[in-house]
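Heads up, the thing below is written out as structure tokens.
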Amino acid sequence: MARIVMKFGGTSVANVARIKAVAERVRAEVEAGNEVAVVVSAMAGVTNEFEGYVRETARLFDLREYDVVVSAGEQVTSGLTAIALQAQGVTARSWLGWQVPIRTDDAHGSARIEDIDGSEIVRRMGEGQVAVFAGFQGVDPQGRVTTLGRGGSDTSAVAIAAAVGADRCDIYTDVDGIYTTDPRVVTRAQKLAMISFEEMLELASQGAKVLQTRAVEMAMRHGVRVQVRSSFEAPTTETTPGTLVVDEDEIVEQQIVSGIAYSRDEAKITLTGVPDRPGVAAGIFGPLTEEHINVDMIVQNVSPSGEATDLTFTVRKGDFDRAVKLLQDRREQLGYQELRPDNNVCKISVIGVGMRSHAGVAQTMFKALSERGINIQVISTSEIKISVLVAEEYTELALRSLHTAYGLDAET
Ligand code: ADP
Ligand code: ASP
Ligand code: MG
């Protein structure tokens, strides 16, 4: 007997037929003698639809009300999943975030889970009742509904797994594991049997949406055994191999590069002729920080005269308009010549713990891109990652070329 958490994403609960199939899969685990908690997302597309209604209603809106609206999709699927289980003879009940309660901070729209008391759930699981959780939701200290950021039901699942001391947290989705890169873009991507927490954390934070970044962080912190697997294969209780996220030292054959991620959620701003004196960078980035606009990649070039520099940096697409306006409003004060906005860019990141001990990884990247005539606009690196910014139209070509250059292509 094991205690397991099974999480089903949007495509896995996209309609009633899929929800019935989910219930069958859960029933199989219950019949095998396991204690099961289920976490569901909203039906595919529903959260986007709700977000659209909010933006249509007002350009600027109260994030507390935004959370009330966008969390609603999970209420529907949790209830339907409980009904589908009951119809198959399985004792089950739904749990909304506030009912558990899943306590979060009050950062509406991307709240952090602070505490879950799993004792009542554990007691009921022990009696054979399946707990079906609405993912993505929580409740803040004022008792108001919060959401955990897009893709947040992965984090709900890992947090619940930690709270009930689950042996496993299975993330069921529309691909059968974690691949060397997005298999929907690069058909020769290879499925990984295992990936380290550190690498998955980088992949997720650089755009691989197969797991939410915070879910990986939480799994790492609490030692939750996370497995990504497909909900589209025939139900079975045998451990069909998905991808396990594990500690680095559990991986026997470590590759130099394990994966490549991309993010289209990037926009670039260049300020030309910025006066080259102390305090200027602070003058530019300070106001952005105050507006909670995150700056990611930064490059600075000194102009021939040595008196002025060009400064290029990236922000998220959603922050782009605000960032441009903020800097335009301060043009005189900052003293730059020109602001060049460009949101037609994509960030590609090559990730691998092997980079710590191997030289030449960046060179392979630069060579592969130059051979394809792809211009690198900005570069940034960390211990186990190299990211470059390229024009958005080159996304697929760059991904495929790098995948081949690092020897990641599957045999055909
Ligand atoms: P769910 O609705 O089940 O949470 P998501 O759409 O959030 O599913 O995440 C699954 C998707 O992540 C896949 O369909 C795939 O296109 C994408 N993806 C991106 N990078 C990877 C990767 N390295 N491995 C597997 N899937 C990836
Ligand atoms: N339904 C939410 C979203 O679309 C949460 C999730 O799918 O994980 O972001
Ligand atoms: Mg997801």
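Yes or no, residue by residue, for (1) loosely packed, with under 15 Cβ neighbours inside 10 Å; (2) within 23 Å of S110 (Cβ to Cβ):
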{"site": "G318", "(1), (2)": "yes, yes"}
{"site": "A323", "(1), (2)": "no, yes"}
{"site": "L327", "(1), (2)": "no, no"}
{"site": "D342", "(1), (2)": "no, no"}
{"site": "E371", "(1), (2)": "yes, no"}
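If only one of I269, I284 is touching a residue at least 40 places away in the same chain (Cβ under 8 Å), under 18 Å from R316 (Cα atoms), more than 16 Å from ligand 1 (Cβ to nearest atom) and in contact with a strand residue (DSSP E or B) (Cβ under 6 Å, 6 or more places away or on another chain), which one is it?
I269
Give me the residue from the range 124-176 that is surrounded by fewer than 21 Cβ atoms within 10 Å (Cβ to Cβ) and among the small types (G, A, S) and, out of that set, farthest from G10 (Cα to Cα).
The residue in question is G126.
Looking at the range 150-175 only, could you name the residues that are under 14 Å from the mean Cα position of the chain (by Cα) and more than 12 Å from ligand 1 (Cβ to nearest atom)?
Correct list: V158 only.
Please work out which residue is modelled with the lowest pLDDT, limiting yourself to the range 217-235 and to residues that are within 16 Å of ligand 3 (Cβ to nearest atom) and not small (G, A, S).
Across the range 217-235, the extreme among qualifying residues is F232.
Considering only residues of the range 118-148 that are part of a loop (DSSP other than H, G, I, E, B) and farther than 12 Å from T104 by Cα, which is nearest to ligand 1 (Cβ to nearest atom)?
G135
Can you find a residue that is near ligand 1 (Cβ under 10 Å from one of its atoms), over 26 Å from V22 (Cβ atoms), under 16 Å from the mean Cα position of the chain (by Cα) and surrounded by fewer than 22 Cβ atoms within 10 Å (Cβ to Cβ) anywhere in the range 207-216?
Looking through the range 207-216, at least one residue is near ligand 1 (Cβ under 10 Å from one of its atoms), over 26 Å from V22 (Cβ atoms), under 16 Å from the mean Cα position of the chain (by Cα) and surrounded by fewer than 22 Cβ atoms within 10 Å (Cβ to Cβ).
When you go through D296, D249, D319 one by one, which is the residue that is charged (D, E, K, R), part of a loop (DSSP other than H, G, I, E, B) and touching a strand residue (DSSP E or B) at 6+ places or on another chain (Cβ under 9 Å)?
D296
Can you report the number of residues in the range 65-94 which are touching a helix residue (DSSP H, G or I) at 6+ places or on another chain (Cβ under 7 Å) and under 21 Å from S119 (Cβ atoms)?
Selection size over the range 65-94: 3.
Quick grid of which residues meet (1) surrounded by fewer than 24 Cβ atoms within 10 Å (Cβ to Cβ); (2) within 16 Å of ligand 3 (Cβ to nearest atom); (3) at positive phi:
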position: F8; (1), (2), (3): no, yes, no
position: V13; (1), (2), (3): no, yes, no
position: A32; (1), (2), (3): yes, no, no
position: E51; (1), (2), (3): yes, yes, no
position: G73; (1), (2), (3): no, yes, no
position: T77; (1), (2), (3): no, yes, no
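Of all residues in the range 163-216, which are away from ligand 3 (no atom under 16 Å from the Cβ) and not in a loop (DSSP other than H, G, I, E, B)?
Matches in the range 163-216: A163, R168, K191, M194, I195, S196, F197, E198, E199, E202.
L244 passes all but one of (1) part of a loop (DSSP other than H, G, I, E, B); (2) touching a strand residue (DSSP E or B) at 6+ places or on another chain (Cβ under 6 Å); which number fails?
(1)
The values are calculated or read from the model by the stated rules, or taken from the named source; none is laboratory data. Small disclaimer: the values here were computed from a predicted structure and weren't measured. Counting neighbours? That spans all protein chains shown, and the Cβs are built from the backbone with ideal geometry, glycine included.
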